[in-house]
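As structure tokens, the structure follows; a few thoughts come after it.
Just so you know, all these numbers are worked out from the coordinates, no wet-lab data involved. Remember, it's a predicted structure, so these values are computed and weren't measured experimentally. For neighbour counting, all protein chains shown are included, and Cβ atoms are generated from backbone atoms with ideal geometry for every residue, glycine included.
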Amino acid sequence: MSIQVASKLPHVGTTIFTVMSQMAAEHGAINLSQGFPDYDGPAALKDAVKRHIDGGFNQYPPMAGVLPLREAVAAKVLDCYGAKVSPDTEVTITPGATEAIYCAVMAIVQPGDEVILFDPAYDSYEPAVLLAQGRPVRLPLAPPAYRIDWQRVRDVITPRTRMILVNSPHNPTGTVMTAADMAELAALAEQHDLIVVSDEVYEHLVFDGRRHESVLLYPELAARSFAVSSFGKTYHVTGWKTGYCVAPPVLTTELRRVHQFVTFVGITPIQLGLAEFMRAHPDHLRELPAFYQAKRDVFNTAMAGSRFRLTPSSGTYFQLADYSAISDRPDLEFVTWLTQEVGVAAIPVSVFYATPPDARYVRFCFCKNEDTLRAAAVKLAAL
């Protein structure tokens with residue numbers, strides 16, 4: 001007897017990140033597709049986690065996260081953004097930023113509510129909206145600048161619009177929102193009583209002297225926003241899948257109502273180790289922009305003689321490249337060929353769009369050792 005299932009996500013398959021990483025492994029290609037470092041996290045951080053494991057801190061933590069880590073997040077938010085938040089009622093530790101975003105959407109969006117997303121959009125956003133029975137309203141960011149057209153945002157807002165989801169620094173384009181963007185966002189959110197979900201997982205990876213424009217810098221935005229970030233991105237430990245959400249008490253209450261039935265808690269010794277490391281090494285955050293900007297520059301300099309066209313990324317650890325001078329193949333076909341025949345894996349940008357533009361862009365990840373980046377550039381520059 002065959003089982004008939006009506007899928008809630010009929011158009012969703014295996015993520016492109018899994019597909020390309022598997023393809024890279026099968027063909028022995030340099031993997032510049034999925035966003036994970038090929039170097040380890042700080043030794044002092046790993047040692048701290050080991051101490052807590054050996055010290056017997058291996059049972060359930062509080063649902064909202066261990067208090068020392070919530071206090072460390074609150075201290076960081078105050079130091080970085082001048083915002084005083086309560087570790088008890090405004091900070092929640094989650095098993096990854098994706099879970100925090102999912103819980104925020106599920107907590108707020110009612111059936112039929114509209115949620116504004118900006119394409120290219122990270123692939124977890126729309127499924128969360130659909131599972132909440134909301135309606136995604138996807139607005140394209142046009143290459144090569146990939147800036148938000150705020151007039152288009154105004155034009156699509158209806159009485160059913162409930163939420164706007166922004167991502168800065170932006171994956172996959174590497175663009176960052178400006179103070180002017182935040183003023184527009186604040187005005188529209190206030191005028192139309194919108195809830196904001198701000199995906200800020202690359203908050204400390206902003207280059208060339210730019211400032212990260214967090215919603216937490218703006219009291220009027222902070223009062224109606226979920227600000228989501230990632231310890232995995234910040235501390236080079238993406239496999240630990242630990243993130244957090246900062247939101248005002250009324251939103252945090254709703255987030256936690258959902259969170260407790262999705263994963264309930266994160267991993268205790270990892271949380272305690274992160275708290276210890278954050279207190280002992282506040283310099284890590286200050287050093288990140290230069291650390292990743294140097295990697296961006298190594299890769300882009302090595303690519304200077306290639307036929308790829310690159311505009312230096314403003315943030316994240318991703319670099320877009322226009323390959324139109326090399327091939328007229330669609331980007332998914334191009335990255336398949338690039339992985340299997342050239343030996344370098346990348347991500348096609350079209351998969352982040354509902355309706356892809358007529359452009360030829362791929363995304364390379366530069367959170368790799370410099371030798372890895374140079375080796376990949378040699379192969380790419382030969383095209």
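Side notes on the structure shown:
- Taking each residue as 0.36 nm, the span from Glu190 to His281 lengthens on full extension beyond its C-alpha to C-alpha distance by 29.0 nm.
- DSSP-defined beta bridges in segment 43-280 - what % are antiparallel, rounded to 5: 30
- Estimated FRET transfer efficiency (Leu383, Thr355; beta-carbon r; R0 41 Å; 0.05): 0.90
- Contact order relative to length of the chain, as percent, for alpha carbon pairs under 8 angstrom and 6 or more apart: 25
- Straight-distance crosslink candidates among aspartates and glutamates, where the alpha carbon sits under 17 Å from Lys368 and sequence neighbours closer than 8 are dropped: Asp38, Asp40, Glu287, Asp297
- Amide H contacts of Asn167 (H built 1.01 Å from N, under 5 Å, at least 5 apart or other chain): Asp199
- Modelled spin-label separation between Trp337 and Asp371, with each label point placed 7 Å from Cα along the Cα-to-Cβ direction: 3.2 nm.
- Annotation: extensible slack from Ala223 through Asp88 equals 47.0 nm (criterion: 0.36 nm per residue apart, minus Cα-Cα distance).
- Per-residue ³J(HN,Hα) for segment 124-131, Karplus 6.51 cos²θ - 1.76 cosθ + 1.60, θ = phi - 60°, Hz, x for Gly and Pro: 8, 5, 4, x, 4, 5, 5, 5
- For segment 116-160 and segment 212-241, distance of Cα centres in Å: 19
- Note: relative contact order over segment 164-229, using C-alpha pairs below 8 Å and six or more positions apart, is 39 percent.
- Gain on full stretching of the segment that runs from Asp54 to Arg210 - 0.36 nm per residue minus C-alpha separation: 52.0 nm
- In Å, descending, principal axis extents of the Cα set of the chain: 60, 55, 53
- For Lys46, the lysines whose Cα falls under 17 Å of its own Cα, not counting residues fewer than eight places away in the same chain, are Lys233, Lys241.
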